[in-house]
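Student: Could you have a look at this structure, given as structure tokens, before my questions?
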Amino acid sequence: MSSDSAPAVQEPDFAPAPPGLLALFLAFARMSLAGFGGVLVFARRAIVEQHRWMTADEFNETFALCHFLPGPNIVNLSMVFGSRLRGVAGGVAAFTGLLLPPTLIMTVLAIAYARFGDLEVLRRSLAGISCAAVGLLIAVVLRMMTPLLKRTDPLALVLMAGVFLAIGVLRLPLPAVLLVAIPLSIGATFFLRRKVAA
């Protein structure tokens, strides 16, 4: 068989070898130290774009799972992601990397804030930081929406719009919306995939 007819080998979208425990710790430590206004933006950039440990779709799916678990989303993500790559030890390494550096910094800042918190310049600085945090959050939401929009999956778009309207516009309670949206999303996805397979 000639080399011309050989199938082209497609490069994987992410690194084939999972990172070691130290690499997980350091990656999540860098995310937490860079994550002013929220770590999610930096976590997605590091995991999907920089290290290519996950595809954009895999990150969205993992984050969706973590979003529905109790506790802070990014903390859940560190445990789930680390455990997925390196078992329980990987989860602990990612979790420790995420929380240890900011905990140490916040302890020092809390002591400083207790002494100097009444200064007007500090209050203005915190107001500016909150604006940047909102901008970062909007940016990551738009990036996470991109894979859904590229697939042009009408069901995903309808469910996304429905949850946004229920929570963002109608101000319905989050637990009640999730109790309806999660089974509906899982059931509809399962039904459609089964229909396509048949």
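The values are calculated or read from the model by the stated rules, or taken from the named source; none is laboratory data. Remember, it's a predicted structure, so these values are computed and weren't measured experimentally. Here Cβ is always computed from backbone atoms with ideal geometry, including for glycine, and neighbour counts include all displayed protein chains. Protein only, heavy atoms only, side chains kept; ligands, DNA and RNA dropped before computing areas. Shrake-Rupley method; radii C 1.70, N 1.55, O 1.52, S 1.80 Å.
Student: So which pairs qualify, if the first residue must be in region 63-91 and open to solvent by 80 Å² or more (accessible area, probe 1.4 Å), the second must be assigned to a loop (DSSP other than H, G, I, E, B), the Cβ gap must be under 8 Å, and the two must be at least 6 apart or on different chains?
Tutor: Arg86/Pro18; Arg86/Pro19; Arg86/Gly20
Student: Against the definition (closer than 18 Å to Ile186 by Cα and part of a helix (DSSP H, G or I)), how does Val140 come out, yes or no?
Tutor: Details: closer than 18 Å to Ile186 by Cα: no; part of a helix (DSSP H, G or I): yes.
Against the criterion (closer than 18 Å to Ile186 by Cα and part of a helix (DSSP H, G or I)), Val140 does not qualify.
Student: Moving to a separate point now. Has region 122-134 got any residue that is under 20 Å from Pro72 (Cβ atoms), assigned by the TED database to the domain that holds Leu65, in a helix (DSSP H, G or I) and not aromatic (Phe, Trp, Tyr)?
Tutor: No, there is no match, as no residue in region 122-134 is under 20 Å from Pro72 (Cβ atoms), assigned by the TED database to the domain that holds Leu65, in a helix (DSSP H, G or I) and not aromatic (Phe, Trp, Tyr).
Student: When you go through Leu109, Leu99 one by one, which is the residue that is surrounded by 13 or more Cβ atoms within 10 Å (Cβ to Cβ), assigned to a helix (DSSP H, G or I), on the phi < 0 side of the Ramachandran plot and hydrophobic (A, V, I, L, M, F, W, C)?
Tutor: Of the residues listed, the single one that is surrounded by 13 or more Cβ atoms within 10 Å (Cβ to Cβ), assigned to a helix (DSSP H, G or I), on the phi < 0 side of the Ramachandran plot and hydrophobic (A, V, I, L, M, F, W, C) is Leu99.
Student: A follow-up question, please. What are the residue pairs meeting all of these: first residue in region 155-172, first residue under 17 Å from Gly187 (Cβ atoms) and assigned by the TED database to the domain that holds Ala188, second residue open to solvent by less than 90 Å² (accessible area, probe 1.4 Å) and among the polar types (S, T, N, Q), Cβ atoms under 6 Å, and 6 or more apart or on different chains?
Tutor: Leu159/Ser185
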